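Contents: one structure, followed by commentary.
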Amino acid sequence: MKELNLGLSNIKVSQIGLGGINFGTKLSQEKSFEILDTYISKGGNFIDTANNYAVWNGGDGGESERVIGEWISKHDNRKNIVIGTKLGALPKDLKTRDFSQMQGLKRETILSSVEQSLKNLKTDYIDILYLHVDDFSVPQEEVMETLHELIQLGKVKALGCSNFYAWRIENARRICEENNLTFFSVIQQRYSYLTPIMDADFFPQIPVNQDLIAYLNHYQDLTLVAYSPLLKGQYSSLDTIQDCQYLTDANRHKLEELKSVENPINTVLEYITDSFQGSVALITTSNVNHLIDIMDAII
């Protein structure tokens, strides 16, 4: 399995990451363990989760983290695994179970969320801590100072952001440079071989757009972790575009080109992992055989 360093950190991960979004809710612990065991057996080491996974599947948040924590405890393999988790998007009121009232990024929220994630994951450090969403109501100075404190305490090894605009990432960079704070190593964003239409709305998700493409190509200290890289099976069915937010002539042409290659999914994954001096494709699946096919394609 190909590996790369995340940004300027010394953390090395496989270029296929495993998304744990359904662990403990849509997937039982037993099935989640099977997926995790298969992923590791195929050379992967990068597991992704969040503290709000998965409230929309009937959970209260933390289910995915707890399953991963139990799995790590069972195998005693923490040092061999890179774990990324996220905070900020857990609903304030679980009656809504949507993204209308997210907890946000206040200092006290960040600190308490990290403590809960550490408990859930049964670990004393998080490899990659992501801000799951941006929070315009909190000064970025407060956010970055709090994250830096967690780095200094050894509770977090590296930082990431997800669903951020390029100008907000740059503003965070300026704050960190001016105040000698730790900057992000990773950005996790929606990205695939097909490109969404200009006014596509995936709220609260933000896809990689031309602005962020230019930013990532200019700066080489940020690694992209691409979520939804396979667009829920789009590349297994090349005859139609399944999501209207990708319905363009350019994308139709891309699909036609894929019909001529031997392994379209492999072509798509290579396109993603080769982007921006090397990126990670984050795979989510409930089917072990599907996971094996993906891992075998990219090895």
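The values are calculated or read from the model by the stated rules, or taken from the named source; none is laboratory data. What you see is a predicted model; the values in this text were computed from it and never measured. No Cβ is skipped: glycine too gets one built from the backbone with ideal geometry, and neighbour counts run over all protein chains shown. Just so you know, the surface numbers come from the protein's heavy atoms only, side chains and all, with ligands and any DNA or RNA stripped out. Shrake-Rupley method; radii C 1.70, N 1.55, O 1.52, S 1.80 Å.
One table, with the values for the structure above:
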read-out: Any hit, the range 276-289, residues being closer than 23 Å to ASP37 by Cβ, surrounded by fewer than 18 Cβ atoms within 10 Å (Cβ to Cβ) and without any contact (Cβ under 8 Å) to a residue 60 or more places away in the chain; value: yes
read-out: Residues being in a loop (DSSP other than H, G, I, E, B) and either more than 22 Å from SER185 (Cβ to Cβ) or open to solvent by less than 10 Å² (accessible area, probe 1.4 Å) (or both) - total across the range 95-132; value: 12
read-out: All positions within the range 1-56 that are farther than 25 Å from CYS161 by Cα and part of a strand (DSSP E or B); value: LEU27
read-out: Members of the range 241-261 that are out of contact with any Ser or Thr (no Cβ under 6 Å at 6 or more places or on another chain) and in a loop (DSSP other than H, G, I, E, B); value: ILE241, GLN242, ASP243, LEU247, THR248, LYS259, SER260
read-out: Hits in the range 218-240 (condition: assigned to a loop (DSSP other than H, G, I, E, B) and on the phi > 0 side of the Ramachandran plot); value: SER228
read-out: In the range 262-284, the residues that are in a loop (DSSP other than H, G, I, E, B) and modelled with pLDDT of 95 or more; value: GLY278, SER279, THR284
read-out: Top-ranked residue of the range 149-161 - restricted to ones that are open to solvent by 40 Å² or more (accessible area, probe 1.4 Å) and of a type outside the set (S, T, N, Q), ranked as nearest to TYR227 (Cα to Cα); value: LYS157
read-out: Residue pairs meeting the criteria (Cβ under 6 Å; at least 6 apart or on separate chains; first free of Cβ contacts under 8 Å to residues at least 24 places away in the same chain, in the range 195-220; second in a helix (DSSP H, G or I)); value: none
read-out: Exclusive hit being of a type in the set (Phe, Trp, Tyr), over 15 Å from THR109 (Cβ atoms), outside any helix (DSSP H, G or I) and open to solvent by 10 Å² or more (accessible area, probe 1.4 Å), set PHE164, PHE183; value: PHE183
read-out: Hey, TYR215 among the hydroxyl-bearing types (Ser, Thr, Tyr), assigned to a helix (DSSP H, G or I) and either closer than 30 Å to ILE11 by Cα or open to solvent by 40 Å² or more (accessible area, probe 1.4 Å) (or both) or not; value: yes
read-out: Pairs where the first residue, in the range 72-90, is over 30 Å from ASN163 (Cβ atoms) and the second is open to solvent by 20 Å² or more (accessible area, probe 1.4 Å) and of a type outside the set (A, V, I, L, M), C-beta under 8 Å, 6+ apart; value: SER73/LYS122; LYS74/PHE33
read-out: Candidates ILE187, ILE151 - the one that is over 30 Å from PRO264 (Cβ atoms) and either at pLDDT 95 or above or more than 19 Å from the chain's Cα centre (by Cα) (or both); value: ILE151
read-out: Of the criteria (1) acidic (Asp, Glu); (2) over 26 Å from LEU6 (Cα atoms); (3) open to solvent by less than 10 Å² (accessible area, probe 1.4 Å), which one GLU65 fails; value: (2)
